[in-house]
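Visitor: Below you will find the structure I want to go over with you.
The values are calculated or read from the model by the stated rules, or taken from the named source; none is laboratory data. Here the structure is a predicted model, which is why all the values come from computation and not from measurement. Note that each Cβ is placed from the backbone with ideal geometry, even for glycine, and that neighbours are counted across all protein chains shown.
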Amino acid sequence: MDFNDTPEEAVWRKEVRDFLENEYPDEFRGRGPRRGPGARSDAEDAGEGLFRDKTKESDPLKRWRAALSSRGWVAPAWPKEYGGAGLDTKKQFILNEEFAEFGAMNIGGFGVMMLGPTLIVHGTEDQKKEHLAGILNGTVQWCQGWSEPNAGSDVASVQTRAVKDGDDYVINGQKIWTTGAQFADMMYMLARTDPDAPKHRGISYFLLNMKDPGVTVRPLMTMAGSAVFNEVFFENVRVPARNRVGEENRGWYIGTTTLDFERSSIGSSVGIRKSIESMIEFAKKNPQIAVGAKKREVQLAFADRLIEANVAKLMSYRVVSMQNAGLVPNHEASMCKLFGSEMQQRIAALGVKLNGMYSQIIGGKPEWSPAGRFGIGQVAAVSSTIAGGTSEIQRNIMAQRGLGLPRD
């Protein structure tokens, strides 16, 4: 593993830094993505806050989107012919690392991260022409229809049905934990088209218009007080057959395509370290609130968390080094996800220990209220080991694909 930039990579890193210094809107500085106390969950961070009414998109956000678009950096991993930057693995890594260090937001959400790469690999030319431009310019927001009430970690058990009827499929069923569905224009989803086939072989991949008759969205309020997740119900929703991606009954294999070209989680590891540093700064500035700062156990916990943050960064470097060598990280990426999400919970718990009962105060006296975000952060962090693949799933991947252990 080489920690040093080549001369070419050093030039690229400087180019990214200069771009951020010159182009990042002043209104957003200091408000970048965070991990840890008071931060949003991973699901809420997806798309960096773009899961809202796009008609209310602010002028600074429009300026930032335009600056990124001019360089193809809305989707830096996409090929240039589709509006991306066509960056290689190492340049993607450096860009993501510098964005995280600067605290800059990425934009694009699920459309850029998930659907776009899928269409580029599996979509028809008509599907690419119809959907890729809207992803890049932000006029169309996408959500993901994967989980169901009885098909969470085991997504292949989906029971939402899609029945062929002439030139359409008629869809009935339900999805749940659908991030941003209340603001989305479109959904990419899995539905069962052959109930008699083995569960992995009877699923198809569809693109569904969220405004079509028969689609009902019901927001779910989390215990952290946010409504980023939703239930989505389908009642005789007609989806044109041209909106099926790939072959019928082969949707599972399309859905498991390598959708994210940069899987090192460097943004999360940098964000975690910065959140710890932010907590330390908070304790120095607010000694009357950070009542646990003088406790030996809290001080030692801060040292442990900073060490862990650096371990997370080294794990990220391992993944990108593999990708740079032409290898495909598998259980290594699961290690990054597992370690990072569980560390996020430990940091959130540390925030509550640092501020004691003050962390439970929402509102109240102005001098007390800043600590309330630490209590919210601990509640919000519960979802970090569920979203994006549970800790149990990650451990199974590591055991089976990393250690070669048999299935149960």
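Visitor: Within region 24-59, take every residue that is surrounded by 12 or more Cβ atoms within 10 Å (Cβ to Cβ) and over 28 Å from ILE276 (Cβ atoms) and give me the one that is modelled with the lowest pLDDT.
Guide: Per the criteria, the residue is ARG52.
Visitor: Within region 362-382, can one find any residue that is of a type in the set (Ser, Thr, Tyr) and without any contact (Cβ under 8 Å) to a residue 24 or more places away in the chain? Show your work before the answer.
Guide: As a first pass, look at region 362-382 and keep what is of a type in the set (Ser, Thr, Tyr): 369.
Of the ones still in play, those that are also without any contact (Cβ under 8 Å) to a residue 24 or more places away in the chain are 369.
The answer is yes; a qualifying residue exists.
Visitor: Show the residue pairs that are 6+ apart or on different chains and have beta-carbon atoms under 7 Å apart, the first residue being within region 94-107 and under 16 Å from ARG63 (Cβ atoms) and surrounded by fewer than 22 Cβ atoms within 10 Å (Cβ to Cβ), the second being of a type in the set (Phe, Trp, Tyr) and at pLDDT below 90.
Guide: Hits for this filter: MET105/PHE28.
Visitor: Okay, moving on. Return the residues of region 153-168 that are assigned to a loop (DSSP other than H, G, I, E, B), in contact (Cβ under 8 Å) with a residue 60 or more places away in the chain and in contact with a strand residue (DSSP E or B) (Cβ under 6 Å, 6 or more places away or on another chain); say none if nothing qualifies. It would help to see each step written out before you state the result.
Guide: So the first thing to find is which residues in region 153-168 are assigned to a loop (DSSP other than H, G, I, E, B), and the list is 153-154, 158-160, 166-167.
Applying the additional criterion that residues be in contact (Cβ under 8 Å) with a residue 60 or more places away in the chain yields 153, 160, 167.
Scanning region 153-168 gives a single hit, THR160.
Visitor: Could you list all residues from region 99-128 that are at pLDDT 95 or above and either within 17 Å of LEU68 (Cα to Cα) or of a type in the set (Ser, Thr, Tyr) (or both)?
Guide: THR124
For every residue, the table says whether it meets (1) surrounded by fewer than 16 Cβ atoms within 10 Å (Cβ to Cβ); (2) touching a residue at least 60 places away in the same chain (Cβ under 8 Å); (3) not hydrophobic (A, V, I, L, M, F, W, C).
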| residue | (1), (2), (3) |
| --- | --- |
| ARG192 | no, no, yes |
| PHE206 | no, no, no |
| MET210 | no, yes, no |
| VAL215 | no, no, no |
| TRP252 | no, yes, no |
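Visitor: Could you tell me which residue of region 172-189 is surrounded by the fewest Cβ atoms within 10 Å (Cβ to Cβ), considering only residues that are of a type in the set (Ser, Thr, Tyr) and touching a residue at least 60 places away in the same chain (Cβ under 8 Å)? Before you say what the answer is, go through the steps one by one.
Guide: Applying the first criterion (of a type in the set (Ser, Thr, Tyr)) to region 172-189 yields 178-179, 188.
With the extra rule that they be touching a residue at least 60 places away in the same chain (Cβ under 8 Å), the set shrinks to 179, 188.
Numbers: THR179: 22, TYR188: 24.
Ranking the qualifying residues of region 172-189, first place goes to THR179.
Visitor: Quickly run through region 363-408 and pick out the residues that are modelled with pLDDT of 90 or more, outside any helix (DSSP H, G or I) and of a type in the set (Gly, Ala, Ser).
Guide: Within region 363-408, just GLY404 meets the criteria.
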